[in-house]
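Peer 1: Following this message is one structure expressed as structure tokens.
The values are calculated or read from the model by the stated rules, or taken from the named source; none is laboratory data. This one's a predicted model, so the numbers in the text were calculated from it and none came from an experiment. Cβ sites come from the backbone with ideal geometry, for glycine too, and all protein chains shown count toward neighbours.
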Amino acid sequence: MGSLTFEGLGKSYGEVEVVRDVSLTIAEGEFVSLLGPSGCGKTTILRMVAGLVEPSRGRILIGRDDVTTLPPNKRGLGLVFQSYALFPHMTVFENVAFGLRRRKVAGAELDKRVKEALGMVRLGTFGERYPRQLSGGQQQRVAIARALAPHPRVLLFDEPLSNLDAQLRDEMQIELKRLQRNLGITTLFVTHDQGEALSMSDRVGVMAKGVMQQFAAPEDIYHRPATGFVASFIGKPNRLSGSVAMREGAGGRLAVGGVAIPAARIDQPAGAKVDIVIRQEAVAIRSGIPRPGEVAGEVVLRSFSGARVQYVVRLAEGVEIVAETASHGPEAALAIGAPVGLAIDPAAVFAMPPEGAKP
Amino acid sequence: MMSRRQGLLLIAPLLLVLAGFFLVPVLMLLPTSFGVYEPGTGLIKGAWSLKNYSQIVSDDYYREVIWRTLGLGFSVTLICLLLSYPLAYLIARGPERWRVPLILLVIFPMLLNLVVRSFGWIALLANRGLINNLLMQLGVIGAPVKLLFNFVGLFIGLTHIYLPFMVLMLVAAIRNVPRDVESAAATLGSSRAHVFMAVTLPLSAPGILAGSILVFVLTISALVTPRMLGGPTYQVMATLIYDWPSGSALSFALTFMAVAIIWLSSRLTKRWAGMA
């Protein structure tokens with residue numbers, strides 16, 4: 001076991017900087033996710049930790065040991081791949097035993113520890129099968145057992161659930177989280193799925209273009225995004241462009257076309273052009289004539305997705321915004337063309353410099 | 001789902017071509033292989049005998065040629081495998097920009113006609129050839145070393161000619177080994193050498209098998225190169241075929257041995273690589 005520390009970690013391929021100056025510490029037993037769109041550098045960080053990619057700058061420490069230049073086989077890590085990467089020519093038992101044999105575990109002890117690892121992922125009776133005889137979910141569980149069996153100091157996951165179907169993914173999320181809690185292994189989990197990152201992690205690092213945008217608890221990431229990127233990447237955003245109409249304390253009012261939208265926090269001066277992000281789930285819809293403080297609009301599209309209903313609402317001057325409501329709520333069956341009032345939570349409105357401008 | 005009938009219909013054209021152009025001609029040789037050939041007169045009508053087959057197993061000369069052919073097949077296959085694997089590994093896993101030039105280099109000899117290449121080896125390996133002259137002038141040897149019209153000559157010539165087949169097969173096989181699986185072994189504690197032995201090598205077994213079968217079959221059935229580099233006296237099975245009846249019998253024996261060895265080697269490989 002051990003903590004995991006990055007000190008000024010960076011990676012460049014020629015002129016392209018794919019990871020820029022990342023420094024953070026993952027405490028012992030902590031579950032941390034790296035979240036970001038593809039190409040943001042999160043997988044490169046994971047591969048640098050595993051020793052599969054050599055850092056261009058900075059250091060990686062496990063506990064107090066500097067492992068920056070160690071080859072992967074000397075790092076004592078467990079890595080679970082998106083592709084599972086099982087050994088197709090070995091049985092499930094031999095797959096799980098692989099890392100133990102490398103550590104000179106043999107005989108009854110080997111047998112015991114392989115069974116123990118397979119038991120943890122509820123595949124106790126599958127030892128004699130070959131990977132190709134298992135379903136995707138079972139293969140992924142073998143990969144997890146294989147990584148766990150040698151008792152690694154740190155567990156690394158590279159998008160381990162993205163090849164599974166939605167239902168299985170939810171199940172595995174819970175199972176993985178429980179397993180990690182019980183074993184108390186320091187875990188670094190790389191994903192592009194915000195639901196996965198937010199629900200499983202103690203802390204989440206959101207990355208874009210090689211830069212760590214914010215490293216904080218899931219609640220902070222969601223409610224208090226540090227940068228415009230985090231605000232627009234997390235949740236289901238409405239993206240609009242407008243300007244700052246008025247400043248008042250930390251917040252003020254934004255203008256989109258002729259529509260005024262209150263915001264709890266604005267960093268730009270009055271008059272500045274801004275991109276605006278409004279979370280769909282923070283826009284409450286109510287049929288009828290808008291009350292004071294609500295924005296008037298008209299339903300142009302309704303889409304039902306099970307637990308929730310989304311409405312596309314046209315505001316004044318053609319501005320469109322998506323609002324959500326519970327599908328069993330009173331506003332779940334509004335007709336196209338119905339007049340509505342939108343109550344927008346000012347805390348869920350984020351203003352940021354326009355796209356293309358320097359942050 | 002496709003029915004069995006539809007499947008059969010789809011492969012019917014290929015089956016017909018294979019049957020019509022390979023199976024039928026080979027089977028047509030079967031009666032001929034029991035025929036009797038009289039030097040000077042030719043095929044004797046109505047006569048038949050088992051002599052063509054019995055001489056293959058009983059005649060010392062035939063036996064020697066069969067062992068020689070098989071020995072040549074095994075040694076050429078083995079040396080091709082040993083020489084090709086490092087090169088194929090470099091092509092498959094080395095720098096991207098080297099890949100195309102290296103593959104072109106491997107294919108390049110195949111652009112030259114077989115006969116021309118064999119003549120090239122005669123010029124190099126003859127008693128008064130380039131290699132012997134060079135070695136004698138350097139004082140390494142006093143008299144020419146016999147490199148032609150014997151096992152050495154055939155071994156060198158055939159290896160050179162069939163090496164590209166092995167390399168190309170192995171490149172495809174090694175590129176098929178997933179990098180993640182190798183990385184997984186490394187993170188589990190395997191050194192680079194152990195990753196190669198435990199993962200890369202067994203997972204490239206299908207290519208090793210395919211390449212070996214190809215080179216082996218091509219070697220034991222080669223005609224032009226053994227004829228030229230073996231001369232009139234150093235014969236292999238293919239060059240021994242000269243009249244219809246005994247030639248047909250030899251062809252059958254050759255086919256039978258090739259099929260038996262392919263079957264055996266694929267079984268062994270599958271067991272080794274855990275694909276059985």
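Peer 1: Please verify whether A:ARG146 is part of a helix (DSSP H, G or I), under 26 Å from the mean Cα position of the chain (by Cα), facing another protein chain (nearest Cβ under 8 Å) and over 30 Å from A:GLN214 (Cα atoms), treating the condition exactly as stated.
Peer 2: On the way: part of a helix (DSSP H, G or I): yes; under 26 Å from the mean Cα position of the chain (by Cα): yes; facing another protein chain (nearest Cβ under 8 Å): yes; over 30 Å from A:GLN214 (Cα atoms): yes.
The answer is yes for A:ARG146.
Peer 1: Give the stretch B:227-256 a look and list any residue that's surrounded by fewer than 18 Cβ atoms within 10 Å (Cβ to Cβ) and under 25 Å from B:ILE208 (Cα atoms), or say none.
Peer 2: Answer for the stretch B:227-256, where residues must be surrounded by fewer than 18 Cβ atoms within 10 Å (Cβ to Cβ) and under 25 Å from B:ILE208 (Cα atoms): B:THR255, B:PHE256.
Peer 1: Show me the strands (runs of 3 or more DSSP E) found entirely inside the stretch A:158-248 where at least 1 residues are within 15 Å of the chain's Cα centre (by Cα).
Peer 2: A:186-191, A:203-208, A:211-216
Peer 1: Hey, can you tell me all the residues within the stretch A:172-227 that are out of contact with any Cys (no Cβ under 7 Å at 6 or more places or on another chain) and among the basic types (Lys, Arg)?
Peer 2: A:LYS177, A:ARG178, A:ARG181, A:ARG203, A:ARG224
Peer 1: Here's another thing I want to ask about it. Can you tell me which residues in the stretch B:228-256 are within 19 Å of B:TYR61 (Cα to Cα), hydroxyl-bearing (Ser, Thr, Tyr) and either part of a helix (DSSP H, G or I) or without any contact (Cβ under 8 Å) to a residue 60 or more places away in the chain (or both)?
Peer 2: B:THR239, B:TYR242, B:SER246, B:SER248, B:SER251
Peer 1: Here's another thing I want to ask about it. When the stretch B:192-225 is examined, which residues are found to be of a type outside the set (A, V, I, L, M), part of a loop (DSSP other than H, G, I, E, B) and within 22 Å of B:PHE256 (Cα to Cα)?
Peer 2: Initial filter on the stretch B:192-225 (of a type outside the set (A, V, I, L, M)): B:192, B:194, B:196, B:200, B:202, B:204, B:206-207, B:211-212, B:216, B:219, B:221, B:225.
Restricting the remaining residues to those that are part of a loop (DSSP other than H, G, I, E, B) gives B:204, B:221.
The one that is of a type outside the set (A, V, I, L, M), part of a loop (DSSP other than H, G, I, E, B) and within 22 Å of B:PHE256 (Cα to Cα): B:SER221.
Peer 1: For the stretch A:156-181, how many residues meet the condition of being of a type in the set (A, V, I, L, M), in contact (Cβ under 8 Å) with a residue 24 or more places away in the chain and over 27 Å from A:PRO72 (Cβ atoms)?
Peer 2: Filtering the stretch A:156-181 down to residues of a type in the set (A, V, I, L, M) leaves A:156, A:161, A:164, A:166, A:168, A:172, A:174, A:176, A:179.
With in contact (Cβ under 8 Å) with a residue 24 or more places away in the chain added as a condition, the list becomes A:156, A:161, A:164, A:168, A:172, A:176, A:179.
Retained after the next criterion (residues that are over 27 Å from A:PRO72 (Cβ atoms)): A:168.
Count: 1.
Peer 1: Hey, another quick one. What are the residues in the stretch A:273-298 that are buried (at least 20 other Cβ atoms within 10 Å of the Cβ) and closer than 14 Å to A:GLY341 by Cα, if any? First the steps, then the outcome.
Peer 2: First pass over the stretch A:273-298, keeping only residues buried (at least 20 other Cβ atoms within 10 Å of the Cβ): A:274, A:276-279, A:283, A:285, A:295, A:297.
Result: A:VAL283, A:ILE285, A:VAL295, A:GLY297.
Peer 1: Pairs, please: C-beta under 9 Å, at least 6 apart or cross-chain, first residue closer than 22 Å to A:ASN73 by Cα and within 11 Å of another protein chain (Cβ to nearest Cβ) and in the stretch B:190-210, second of a type in the set (S, T, N, Q) and buried (at least 18 other Cβ atoms within 10 Å of the Cβ)?
Peer 2: Listed pairs, sorted by first residue: B:SER190/A:ASN73; B:SER191/A:ASN73; B:ARG192/A:ASN73; B:HIS194/A:ASN73; B:VAL195/A:ASN73; B:VAL195/B:SER183; B:ALA198/B:SER190; B:VAL199/B:SER190.
Rundown of residues vs (1) in contact (Cβ under 8 Å) with a residue 12 or more places away in the chain; (2) surrounded by fewer than 18 Cβ atoms within 10 Å (Cβ to Cβ); (3) farther than 26 Å from A:GLN173 by Cα, yes/no style:
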site	(1), (2), (3)
A:GLU196	yes, no, no
A:MET200	yes, no, no
A:LYS209	yes, yes, yes
A:GLU219	no, yes, no
A:PHE233	yes, no, no
A:ARG239	yes, yes, yes
A:GLY242	yes, no, yes
A:GLY249	no, yes, yes
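Peer 1: Kindly list, by first and then second residue, each pair from a residue in the stretch B:257-276 that is of a type in the set (Ser, Thr, Tyr) to a residue that is modelled with pLDDT of 90 or more and surrounded by 15 or more Cβ atoms within 10 Å (Cβ to Cβ), limited to pairs with Cβ atoms under 6 Å and residues at least 6 apart or on different chains.
Peer 2: B:SER266/B:LEU209; B:THR269/B:ALA205; B:THR269/B:LEU209
Peer 1: Just one of (1) small (Gly, Ala, Ser); (2) outside any helix (DSSP H, G or I); (3) touching a residue at least 60 places away in the same chain (Cβ under 8 Å) trips up B:ALA143, so point out which.
Peer 2: (3)
Peer 1: Against the condition more than 24 Å from A:ALA226 (Cβ to Cβ) and either surrounded by 15 or more Cβ atoms within 10 Å (Cβ to Cβ) or β-branched (Val, Ile, Thr) (or both), how does A:ALA323 come out, does it pass? Don't jump to the end; show me each part of the working.
Peer 2: Numbers: more than 24 Å from A:ALA226 (Cβ to Cβ): yes; either surrounded by 15 or more Cβ atoms within 10 Å (Cβ to Cβ) or β-branched (Val, Ile, Thr) (or both): yes.
Judged against the criteria, A:ALA323 is a match.
Peer 1: Within the stretch A:78-86, is even one residue at pLDDT below 95, within 14 Å of chain B (Cβ to nearest Cβ), within 29 Å of A:GLY124 (Cβ to Cβ) and surrounded by fewer than 22 Cβ atoms within 10 Å (Cβ to Cβ)?
Peer 2: So far as the stretch A:78-86 goes, yes, one or more of its residues are at pLDDT below 95, within 14 Å of chain B (Cβ to nearest Cβ), within 29 Å of A:GLY124 (Cβ to Cβ) and surrounded by fewer than 22 Cβ atoms within 10 Å (Cβ to Cβ).
Peer 1: Further question: Would a scan of the stretch A:24-42 turn up a residue that is in contact with an Asp or Glu (Cβ under 6 Å, 6 or more places away or on another chain), crowded, with 20+ Cβ neighbours inside 10 Å and more than 12 Å from chain B (Cβ to nearest Cβ)?
Peer 2: yes
Peer 1: Scan the stretch A:47-77 residue by residue and report those that are facing chain B (nearest Cβ under 7 Å), over 19 Å from A:VAL114 (Cα atoms) and in contact with a strand residue (DSSP E or B) (Cβ under 9 Å, 6 or more places away or on another chain).
Peer 2: Once the filter is applied, which keeps residues that are facing chain B (nearest Cβ under 7 Å), over 19 Å from A:VAL114 (Cα atoms) and in contact with a strand residue (DSSP E or B) (Cβ under 9 Å, 6 or more places away or on another chain), the stretch A:47-77 yields A:ALA50, A:LEU52, A:PRO72.
Peer 1: Does A:GLY184 qualify as being away from chain B (no Cβ under 14 Å) and farther than 18 Å from A:LEU77 by Cα?
Peer 2: Criteria not met by A:GLY184.
Peer 1: Same structure again: Could you tell me whether the stretch A:89-109 includes any residue that is among the basic types (Lys, Arg) and away from every other protein chain (no Cβ under 14 Å)? Before the answer, list the steps.
Peer 2: Let us first name the residues in the stretch A:89-109 that are among the basic types (Lys, Arg), namely A:101-104.
Within this subset, residues satisfying the condition of being away from every other protein chain (no Cβ under 14 Å) are none.
No, the conditions are met nowhere in the stretch A:89-109.
Peer 1: Quick one: is B:LEU268 aliphatic (A, V, I, L, M), surrounded by 18 or more Cβ atoms within 10 Å (Cβ to Cβ), in a helix (DSSP H, G or I) and at pLDDT below 90?
Peer 2: Answer is no for this residue.
Peer 1: Kindly evaluate A:PRO354 against the criterion of being out of contact with any Leu (no Cβ under 6 Å at 6 or more places or on another chain) and closer than 21 Å to A:GLY235 by Cα.
Peer 2: When the stated conditions are applied, A:PRO354 passes them.
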